[in-house]
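For reference, the structure I am asking about is given below.
The values are calculated or read from the model by the stated rules, or taken from the named source; none is laboratory data. Keep in mind that what you see is a predicted model, and the values were worked out from it rather than measured. Counting neighbours? That spans all protein chains shown, and the Cβs are built from the backbone with ideal geometry, glycine included. All accessible areas refer to the heavy atoms of the entire protein, side chains included, with ligands and DNA or RNA removed. Shrake-Rupley method; radii C 1.70, N 1.55, O 1.52, S 1.80 Å.
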Amino acid sequence: MRISRGARALGAAALAVVIPVVSATAAVPVGANPVISSIAPDPSVQRGADGAFHVYASSDDWSDGAGYRLIPHFRSFDLVEWEYVGDAFGSRPAWAPQGSFLWAPDVHVTDTGAVMYYTTGGPAPCIGMATAPGIEGPWTHGSAPIVCFGADAPYQDLDPMDPEVVFTDDGPVMFMGNFEGIHAVPMNPAGTALVGDPVRVAGTGVEAPAVLTREGRTHLFTSAGLCCDGEQSQYRVLGGRADSVMGPYTDRQQRPLVQAPGAPLPGDVILKGDADWVGPGHVDVTTDDAGQDWMLYHAAPRGSAVLPNGVQRRYMMLDRLDWVGGWPVVGDGTPSSTRPADPVVSLPVRLTAVGDAVLRPDRDRQVLDASVRMDSTGAAYAGELRATLTGPGSQRVEMPVLVDGQQWPSVPQSVEAGATVTRAVTLVPPAPLAPGRYELVVSVGDAGGPVRELAVFGLEVAPDGSLSMGSGALGSAPLGSLGG
């Protein structure tokens with residue numbers, strides 16, 4: 001076994017763990033949809049200073065006994081394997097109307113930290129704003145909403161739902177709307193208030209605006225149909241483009257997205273459901289390190305589209321977004337179950353869950369056995385393995401690694417250039433683990449530094465204390481995905 005020269009010296013006896021070494025780098029498996037099978041609707045993604053991609057999603061009850069999440073936060077280093085970090089908020093804003101939700105987050109990295117816009121939903125929705133030192137949080141609600149339903153002129157006709165803010169050279173512009181028409185409204189330079197006249201950029205019948213500029217044009221994605229109508233959901237993604245942010249937007253057939261009364265719903269169909277997936281929609285777009293765009297969205301598995309509590313099982317999906325003749329194209333226009341290739345993300349090392357995690361008795365306690373594979377991405381790498389466990393109620397704890405009867409907060413691990421190592425680790429969770437669903441995350445990071453990669457196991461502890469669910473990426477068996 002090789003030991004990082006910069007790692008803490010544990011002693012030869014404390015490092016007596018077998019580590020098979022493979023002569024060549026093992027191929028990273030091609031991912032499959034969904035990438036998050038916890039309930040992660042309306043995803044908004046940004047990359048953080050830690051190199052990770054951070055997704056925030058609409059609040060919902062995952063039917064796992066942990067209650068209603070307030071903007072769940074997920075993190076990934078490769079856009080394929082995700083961990084549930086926790087919720088952005090512990091409570092709704094003090095100004096929120098009674099019966100409010102927290103939906104459709106829109107997150108951005110700024111010069112001073114990060115900002116999140118969201119809607120409170122309900123019969124009288126408002127759009128609020130929160131700020132944080134960085135995209136990782138912690139988040140603080142603003143003291144007042146930006147705009148609410150029934151605002152004074154010139155905003156009296158706005159539908160303050162599904163905010164999307166675009167930062168332009170002339171200042172930020174907020175898009176909003178939920179089937180009553182999409183409007184774009186200029187904001188003040190700080191992005192804290194509406195200051196200009198609203199412009200209608202899409203007509204009735206669509207919601208969830210998402211805006212990005214490619215090849216000199218601004219593209220507007222919307223979603224049509226009902227997101228949460230079970231197996232009958234006709235939710236789908238539409239698109240159009242314009243020469244400027246404020247429009248006018250048209251589709252490939254040159255139909256204005258603000259349709260004439262009685263006219264068919266315009267917009268190019270970018271994604272729709274198929275035999276495997278129900279109701280794809282509410283998109284965001286991110287770009288990998290090779291310059292390739294990827295579309296994130298939610299969809300439900302056909303045949304089990306609804307949880308036992310009635311919530312639509314909206315998983316987060318990931319598909320490649322290409323530009324053909326200046327127009328957006330996603331595969332064959334339906335969600336993929338597998339991808340021919342995964343995103344290209346420059347990582348110092350890759351970490352992958354291997355096999356099943358095993359919960360077993362050890363003297364007077366329980367321990368968790370798990371294995372991870374560490375792949376060189378080119379150069380040699382040395383770091384430290386750590387583990388966390390998130391359980392019922394979203395409690396998150398660090399788990400020590402057990403080596404020769406001693407517990408360590410982390411253990412050193414290295415890999416030669418072009419090689420692969422597989423390491424078995426024995427972890428000491430809070431004992432005994434109560435029945436419920438857990439997420440085990442084994443991460444590798446620089447000694448004393450940030451996390452660089454992670455591997456995720458989804459677990460379920462049965463009432464008799466046995467582990468009844470095997471390992472898998474967050475898309476296979478995560479916390480919150482086992483409610484039915």
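Using per-residue counts of other Cβ atoms within 10 Å, averaged over each peptide, order 163-175, 401-413, 322-334, 113-125 from highest down.
113-125, 163-175, 401-413, 322-334
Toward the positive end of the charge dipole of the chain, about the Cα centre and with charges on Cβ (Lys, Arg +1; Asp, Glu -1), which of L440, A424, Q253 goes farthest?
Result: A424, furthest along the dipole toward the positive end.
Percent relative contact order of the range 349-470, based on C-alpha pairs within less than 8 angstrom and at least six residues apart?
30
Roughly to the nearest percent, how much of the accessible area of the range 36-330 is carbon and sulfur, given a 1.4 Å probe? Provide the component values of the computation, followed by the final result.
Numbers: 5470 of 10810 Å².
About 51 percent, which is the carbon plus sulfur part of the accessible surface.
Using 0.36 nm times the number of residues separating A447 and F167, minus their current alpha carbon distance, what extension gain do you get?
97.1 nm
Going by average Cβ neighbours within 10 Å, how do the peptides 192-203, 360-371, 236-247 rank, with the highest at the top?
Most protected by this proxy first, the peptides run 236-247, 192-203, 360-371.
Here's a follow-up. Normalised by the number of residues in the chain, what is the relative contact order in percent for Cα pairs under 8 Å and 6+ residues apart?
Normalised by residue count, the contact order of the chain is 16 percent.
Then there is this: Note the per residue figure in Å³ for the convex hull of the C-alpha positions in the range 54-187.
Considering the Cα atoms of the range 54-187, their hull volume per residue is 136 Å³.
Please report the Cα spread of the range 349-470 along all three principal axes, rounded to whole Å, starting with the longest.
Computed over the Cα atoms, the extents are 45, 26, 22 Å.
For the range 174-284, just the Cα set please: Rg and Dmax, both in angstrom.
14.3, 46
Just to confirm my numbers, what's the Cα centroid distance between the range 67-100 and the range 423-438 in Å?
Computed from Cα coordinates, the inter-centre distance equals 24 Å.
May I ask for the net charge around V441, where only other residues with Cβ less than 10 Å from the Cβ of V441 are counted and Lys, Arg are +1 while Asp, Glu are -1?
Values: positive: R75, R386, R396; negative: E81, E83, E439.
It works out to a net charge of 0.
Something else now. Looking at the calculated P(r) for the range 293-407, what percent of the C-alpha pair distances fall above 22 Å?
63
So, one more: Once each part is reduced to its C-alpha centroid, what is the distance from the range 29-64 to the range 303-353 in angstrom?
What the calculation gives is 11 Å, centre to centre.
Oh, and also: Return one whole number: the accessible area per residue of the range 36-330 in Å², for a 1.4 Å probe.
For the range 36-330, the per-residue accessible area is 37 Å².
If I take R0 = 41 Å and measure r between the Cβ atoms of Y68 and D243 in this structure, what FRET efficiency does the formula 1/(1 + (r/R0)^6) give, to the nearest 0.05? The partial results should precede the final answer.
On the way: r = 43 Å, r/R0 = 1.04.
Efficiency computed from Cβ-Cβ geometry: 0.45.
With N set to the residue count of the chain, report its C-alpha Rg divided by 2.2 N^0.38 Å to two decimal places.
Details: Rg = 23.3 Å, N = 484, 2.2 N^0.38 = 23.0 Å.
So the chain has a normalised radius of gyration of 1.01.
Can you list residues whose amide H is under 5 Å from I270's amide H, if they're 5+ apart or on another chain and H is modeled 1.01 Å from N?
When sequence neighbours closer than 5 places are left aside, the close amide H contacts are V237, L238, G239.
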